[in-house]
1. Please work out the C-alpha center-to-center distance from region 109-145 to region 64-78 and express it in whole Å.
2. Contact order normalised by length for the chain, with contacts defined as Cα pairs under 8 Å and 6 or more residues apart; what percent is it?
3. Efficiency by 1/(1 + (r/R0)^6): what FRET value for V96 and V40, r their Cβ-Cβ distance, R0 = 41 Å, to the nearest 0.05?
4. Shape verdict for region 52-108, please, from the Cα gyration tensor: rounded (a/c under 1.5), prolate (a/b greater than b/c) or oblate.
5. In region 8-52, with Lys and Arg counted as +1 and Asp and Glu as -1 at Cβ, which of these residues, V12, G35, A52, has the Cα nearest the positive end of the dipole, that is, farthest along it?
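Quick note: the coordinates plus some simple rules give every number you see, no bench work behind them. Only a predicted model underlies this, so the values are computations on that prediction, with no experimental measurement involved. Don't worry about glycine lacking a Cβ; one is built from the backbone with ideal geometry, like all the others, and counts go over all protein chains shown.
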Amino acid sequence: MPEPVIPMSEEVAAKEANHLIATAFRDPAPVPPIGTTPPVPQPGRPPMSQKAVDDSVRMLSAGVASIPIGGMTSLVLYTLGQVDPTSLAIGAAAPVALVIAISALLRRAKGVLPEEHHHHYTGSVDQRTIHSNTRGLVARTDNRQ
C-alpha cells in the first residue's frame, strides 16, 4: 500500500527549490547546428570507402600476425647465434624453405579440383502459360492452359 504524501511547508519547499537550482548543471556549449552544414571529419580514422576500410583492417591484421612470427624467428636466431655460421644459415633458411614447399604443394593441389563444365542446349522453348486454381476443403488443383 502506498505511503500517504505529506505536504511540504513553504519554508521546506523554498529550501528544496534553492538546492535544486544551485546544484543544477547547464551545459554552456552552443547547440550543434542542424541543417545543410557540411559534415566535419571526426578524430580517428578518416572517412573512406568500405573497400578502403576492409583493406586497412586486413593490413593491420597482417601486421599484428607478423609479431609472433618475428619473435619466434628472433628467438631461433638468437639461439642459433651460439653455433657456427653454417648452422645459423640453415636455421635462417628453414622458414623460407617451408614457404616454398607449401606454395609448391598448393600449386600441385590446383589440379585436384574438378574442371568447370558448361552445358549448352538447343531447341524450342515451351511458351505456354498455365493458370493454376486451388479450391476446396480438400485442396483440388485445376491447371488450365
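1. Answer, in whole Å: 58.
2. 7 percent.
3. The computed FRET efficiency comes out at 0.25.
4. Working: a/c = 4.81, a/b = 1.53, b/c = 3.14.
The shape class here is oblate.
5. A52
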